[in-house]
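Every number in this text was worked out from the coordinates using simple rules, so none of it is lab data. Computed from a predicted model, the values in this text were never measured in an experiment. Please note: Cβ atoms are built from the backbone with ideal geometry, for glycine as well, and neighbour counts cover all protein chains shown.
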Amino acid sequence: LFETNDPVPWNWLETGNNYTLKCPENKWEDPPYRTKAIFRWDRKINRTSRLSDRTLCMSAHQGEKNSMTGEAIYRHYDVHR
């Protein structure tokens, strides 16, 4: 089970480790609109949901790199547009 932005991981009692992946606050994780799917999770997790909840951070670099700069061309957000 992969989750992001949770206060503790789902298996924290087994591992003793309470580190979780927290996505940064930026325009990809927190766009100016909220999708219908995000509103559904608000009640289940008792907080305002984010686009990156339960998936990779939207700002994560993904795919090909620009041959001139070596920088990633895409972010995970681009896959969902």
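Laid out as a table, the results:
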{"read-out": "Output for the stretch 66-77, where each listed residue is under 22 Å from residue 24 (Cα atoms) and more than 21 Å from the chain's Cα centre (by Cα)", "value": "none"}
{"read-out": "Pairs where the first residue, in the stretch 64-77, is exposed (fewer than 10 other Cβ atoms within 10 Å of the Cβ) and the second is among the charged types (D, E, K, R), C-beta under 8 Å, 6+ apart", "value": "71/65"}
{"read-out": "Residue list for the stretch 45-81, restricted to those being of a type outside the set (A, V, I, L, M, F, W, C) and part of a strand (DSSP E or B)", "value": "61, 62, 63, 64, 65, 74, 75"}
